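**Q** Here it is, the structure, as structure tokens.
The values are calculated or read from the model by the stated rules, or taken from the named source; none is laboratory data. Because the structure is predicted, anything quoted here is derived from the model rather than measured. Reconstructed Cβ throughout: ideal geometry from the backbone, glycine too, with neighbour counts over all protein chains shown. Side chains are part of the model used for accessible areas, which takes the heavy atoms of the whole protein and leaves out ligands, DNA and RNA. Shrake-Rupley method; radii C 1.70, N 1.55, O 1.52, S 1.80 Å.
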Amino acid sequence: MATPQEDVDIAPFIDHALLNPAATPEHVDLWCQEAERFNFAAVCVYPAYVRQAADLLQGKAPKVCTVIGFPTGATTSAAKLYEAQEAVENGATELDVVINLGWLKAGKLNELHREIGEICEETGQTVKAILETALLTDAEKRQAAEICMEAGVAFLKTSTGWSGGATVEDVRLLKEVTKQQVGIKASGGIRTRQQAVELIMAGATRLGTSRGPDLIRQRDTLDKEY
């Protein structure tokens, strides 16, 4: 008999990420096909591929997500805003924006709030603030979360995947801070279906992973075993 965790349908949580710097247009085609086939929430591609993904997914359920200021968050506010606006013009409806970690650690909180708030206001799209939790103390995670929520983000995202990945503990912390006012995207290092389910059970409402089809097939394998 399947357990409650085994019954979780993880597909609608998945942002099917293609953030390998060597990704080609052929990879984008495949990721979009897989996103539609498996009923994933979105594909997440680099800005250079947003228009291609938007064309491929026009009229289809998966959303087109892209990354802004990725992976360091240390580009200028003007560059981030331009990148975000161009991505929206090309068809992106979700923007995963890396916050400026240096500003957070230096106490430049007004600058951090202003940068994220401007992107939210000027684009009018779903913004997910990437906190890069592996590089932050718990106090900094809380502070960053509160600032980004005040600035108008729709989601808090744990990680880029370049400096560590999502943990159940971080998702629980963010759930405590957000009080379900915004979504939580767990991202980075999600390699098994069990990890995905544990993150969902902890409070994640989206999962960023390049391994979505593999995670779905793991469920199919479990079903065959029963």
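**Q** With F38, F70 as the choices, which residue is out of contact with any Pro (no Cβ under 8 Å at 6 or more places or on another chain) and touching a residue at least 40 places away in the same chain (Cβ under 8 Å)?
**A** Numbers: F38 fails: out of contact with any Pro (no Cβ under 8 Å at 6 or more places or on another chain).
It is F70.
**Q** Show the residue pairs that are 6+ apart or on different chains and have beta-carbon atoms under 8 Å apart, the first residue being within region 208-226 and within 20 Å of A166 (Cα to Cα) and basic (K, R), the second being at pLDDT 90 or above and surrounded by 12 or more Cβ atoms within 10 Å (Cβ to Cβ).
**A** Filtered contacts from region 208-226: R211/I190; R211/R191.
**Q** Then there's this: Does region 116-134 hold any residues that are open to solvent by 50 Å² or more (accessible area, probe 1.4 Å) and either out of contact with any Lys or Arg (no Cβ under 9 Å at 6 or more places or on another chain) or of a type in the set (V, I, T) (or both), and which are they? Talk me through it step by step, then tell me what you get.
**A** Filtering region 116-134 for residues open to solvent by 50 Å² or more (accessible area, probe 1.4 Å) gives 118, 121-122, 124-125, 134.
Hits for region 116-134 are E121, E122, G124, Q125, A134.
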